[in-house]
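Data block below; observations after.
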Amino acid sequence: MASHSRHTLHQLRTAVNRQPDRFATNVFTRMFAIDPDLRDLFGVSMAAQQIAFHRVIDHVLEAIPAESGHADLVEFLAQLGRDHRKFGVEPEHYHVMYAALMGEFASLMEGYWDSEAQQTVSQAMMLVTGVMRGAAETATHPARWTAEVVEKYRISRDLAVVRLIAHAPLTFIAGQYLEVHIPQWPKQWRNFSPSIPPNPAGELEFHVRAIHGGTVSSAIVSETAVGDVWTLSQSHGTLHVDRDQPVLMVAGGTGLAPLRALLIEMSKRADSPPTHIFYGMRHPGELYDLSVLRRIAATNPWLQVTAVSEEERDPWWIRAVATPAELGIEHRIGTLADVVVGAGNWEDHQVLIAGSAQMIEATRRQLIIAGVRASRIQHDPVY
């Protein structure tokens, strides 16, 4: 790419990031002015979509001028195009998106918006909208699936397990997460990881913790009932286990779900590598799935389980189903990051971490400081 074009896109990225919220709001406002029917595709609150939209544009404006990595950018945009089908986005809507972006970019770069700048930015946005539209039109999998809730039970006041049966075969692999929306919030999509691998019966299980202030998670824990129909969309994530290296798994809270699905999948094989999972919560009585991990370990000698809690005892309102001691599972006190790093040398292990963003960052940082190469550490995107 010519230096002038790189400079133009750098200027544009700087302008976009000066007021990212305003930029995203203005683009959506322009889109709805061009085609008012587009507003019906989105929920009442668009804060999450606007944040995600800005991240995409920022990534594109950073990646296009780069000398390499364009194949990754194209695949990233193609996945976005396939994903956006779940909103009801049609091929003609990409022309609206292009027009809205170009209008807002011209406004942001007023004084610098000459014919060369317009051509550079136009080519970049034609790449974005063209790849997304093409991927959506050629996608082979359905945009959505539906599944019916067949069982739900609450483990605690803010944690529930929901089991469903899909109406058609789902396309995902163990360790991935699915986009989900529920009837209580039909236009709000959230990511949840199935805690069991896919199977011919279409069975699904999700572990959901109600997040303080979270609309969807709170509704699932308090309102979801048998007979509800959920809608599911694209699978994402790359958590996986290579069979030629020992494995370290670190699970915080409901982050256990994707790792649990992988362990169940691994238990079907005769060549699974030695695996050590550290499963942690604040209080020991919140380690709701220890008994399942114990059953997997009982018939799979390659699996070792360590329970971790920040507190040694439970408060009065938590009643543990089974304590680590009763299950014969090693129990350590401390944060997951501290306990894992202090438990041994993990330099030759492949590492999978799942849980809150704070736990992932803390554990990843301490493992790298302890000598584990960053390239050996897997986790889903942290926001």
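The values are calculated or read from the model by the stated rules, or taken from the named source; none is laboratory data. From a predicted model like this one, the values you see are computed outputs, not experimental measurements. Note that each Cβ is placed from the backbone with ideal geometry, even for glycine, and that neighbours are counted across all protein chains shown. Surface accessibility is based on the protein's heavy atoms, side chains included, excluding ligands, DNA and RNA. Shrake-Rupley method; radii C 1.70, N 1.55, O 1.52, S 1.80 Å.
Assuming 0.36 nm per residue, please report the length gained on full extension of the stretch Glu310 to Glu347 beyond their Cα-Cα distance. Could the numbers behind the result be given before it?
Details: separation 37, 0.36 × 37 = 13.32 nm, distance 2.49 nm.
Between Glu310 and Glu347, full extension yields 10.8 nm more.
Between Arg154 and His240, take the C-beta separation as r, use R0 = 41 Å, and let me know the FRET efficiency to the nearest 0.05. Intermediate values should be presented prior to the final figure.
Numbers: r = 31 Å, r/R0 = 0.77.
That pair, Arg154 with His240, gives E of 0.85.
Using only C-alpha atoms and all pairs of different ones, pull out the Kirkwood radius for the chain in Å with one decimal. Mind dumping the intermediate values first?
On the way: mean 1/r = 0.0435 Å⁻¹.
Mean inverse Cα-Cα distance, inverted, gives 23.0 Å.
I'd like the accessible area for Phe28: 1.4 Å probe, protein heavy atoms, all chains in place, Å² to the nearest 10.
Ignoring ligands and nucleic acids, Phe28 comes out at about 10 Å².
Can you work out the Karplus-derived ³J(HN,Hα) for every residue in the range 367-379? Use 6.51 cos²θ - 1.76 cosθ + 1.60 with θ = phi - 60°, whole Hz, and x for glycine or proline.
Rounded to whole hertz, the list is 5, 5, 4, 7, x, 7, 5, 4, 5, 8, 9, 10, 7.
So what's the net charge close to Ser107: Lys and Arg +1, Asp and Glu -1, counting the other residues with Cβ under 12 Å from its Cβ? Each step should come with its number before you reach the end.
Numbers: positive: Arg22, Arg30; negative: Glu104, Glu110.
Charge balance in the 12 Å sphere: 0.
Under a crude label model (7 Å from the Cα following the beta-carbon direction), how far is Glu326 from Arg373 in nanometres?
Each label point lies 7 Å from its Cα, and together they span 4.5 nm.
How high is the relative contact order of the chain, given as a whole-number percent (alpha carbon pairs under 8 Å, six or more residues apart)? List each step's numbers first, then the result.
On the way: 653 pairs, mean separation 45.2, N = 383.
Averaging sequence separation for qualifying contacts and normalising by length gives 12 percent for the chain.
Taking all protein chains together and a probe of 1.4 Å, list Val241, Val74 from the most accessible to the least accessible. Show your work: numbers first, answer last.
Details: Val241 30, Val74 60 Å².
Sorted descending by solvent-accessible area, the residues read Val74, Val241.
Accessible area per residue of the chain at 1.4 Å probe, in Å²? Write down the numbers at each step before the final one.
Numbers: 18630 Å² over 383 residues.
With the other protein chains kept in place, the chain gives 49 Å² per residue.
What net charge is computed for the residues neighbouring His167, neighbours being all others with C-beta under 15 Å from the C-beta of His167, Lys and Arg scored +1, Asp and Glu -1?
Numbers: positive: Arg144, Arg163; negative: Glu148, Glu203, Asp228.
Here the charged neighbours net out to -1.
Would you mind calculating the gained length between His141 and His4 on full extension (0.36 nm times residue separation, minus the Cα-Cα distance), in nm to one decimal?
Working: separation 137, 0.36 × 137 = 49.32 nm, distance 4.08 nm.
Computed gain between His141 and His4 is 45.2 nm.
HN-Hα J couplings of the range 9-22 from phi, Karplus 6.51/-1.76/1.60, θ = phi - 60°, integer Hz, Gly and Pro as x?
5, 5, 4, 5, 4, 4, 5, 4, 7, 5, 9, x, 5, 5
I'd like the carbon and sulfur percentage of the solvent accessible area for the range 180-230, probe radius 1.4 Å, heavy atoms only, ligands and nucleic acids excluded.
Numbers: 1320 of 2220 Å².
Here carbon and sulfur together make up 59 percent of the probe-accessible area.
Stokes-Einstein at 37 °C, 0.692 mPa s, Kirkwood radius from Cα pairs: D for the range 1-158 in µm² s⁻¹? Mind dumping the intermediate values first?
Details: Rh = 17.2 Å.
Calculated translational D: 191 µm²/s.
Suppose a student asked you for the relative contact order of the range 117-221, using Cα pairs under 8 Å spaced at least 6 residues apart; what percent would you report? Intermediate results must be reported in sequence, preceding the final value.
Details: 154 pairs, mean separation 23.7, N = 105.
Here the relative contact order equals 23 percent.
How far apart, in nm, are the 7 Å Cα→Cβ label points at Ile318 and Thr171?
4.1 nm
Please give the length that would be gained between Lys268 and Glu116 if that part of the chain were fully extended, namely 0.36 nm times their separation in residues minus their C-alpha to C-alpha distance (nm, one decimal).
On the way: separation 152, 0.36 × 152 = 54.72 nm, distance 5.91 nm.
Here the segment from Lys268 to Glu116 would lengthen by 48.8 nm.
At what distance in angstrom do the alpha carbon centres of the range 6-45 and the range 236-278 lie from each other?
Between the Cα centres of the range 6-45 and the range 236-278 lies a distance of 40 Å.
Computed over the Cα atoms, what is the radius of gyration of the range 255-382 divided by 2.2 N^0.38 Å, N being its residue count? Could you put the intermediate results ahead of the total?
Values: Rg = 14.5 Å, N = 128, 2.2 N^0.38 = 13.9 Å.
Rg over 2.2 N^0.38 Å, computed on Cα atoms: 1.04.
³J(HN,Hα) across the range 341-355 via Karplus (A = 6.51, B = -1.76, C = 1.60, θ = phi - 60°), whole Hz, x for Gly/Pro?
5, x, 8, x, 9, 10, 4, 9, 9, 8, 10, 10, 10, 9, x
Return the FRET efficiency for the residue pair Asn300, Asp40: r is the Cβ-Cβ distance, R0 is 51 Å, and the value is rounded to the nearest 0.05. If you can, show how the numbers build up before the last one.
Working: r = 50 Å, r/R0 = 0.98.
Calculated value: 0.55.
Using the Cα centre as the reference, give the magnitude of the dipole from point charges on the C-beta atoms of the chain (Lys, Arg: +1; Asp, Glu: -1; all else neutral), rounded to the nearest 20 debye. Before the final figure, lay out each step's value.
On the way: 33 positive and 42 negative charges, 103 e Å.
So the magnitude is around 500 debye.
Between Ala71 and Ala106, with labels modelled 7 Å along Cα→Cβ, what's the label distance in nm to one decimal, could you check?
Rounded to a tenth, the inter-label distance reads 3.8 nm.
How far is the Cα center of the range 65-137 from the Cα center of the range 156-215, in Å?
One Cα centre to the other: 31 Å.
What is the local net charge at Val27, summed over the other residues whose Cβ is closer than 12 Å to its Cβ (Lys, Arg +1; Asp, Glu -1)? Mind showing how you got there, number by number?
On the way: positive: Arg22, Arg30; negative: Asp21, Glu104.
My count for the surroundings of Val27 gives 0.
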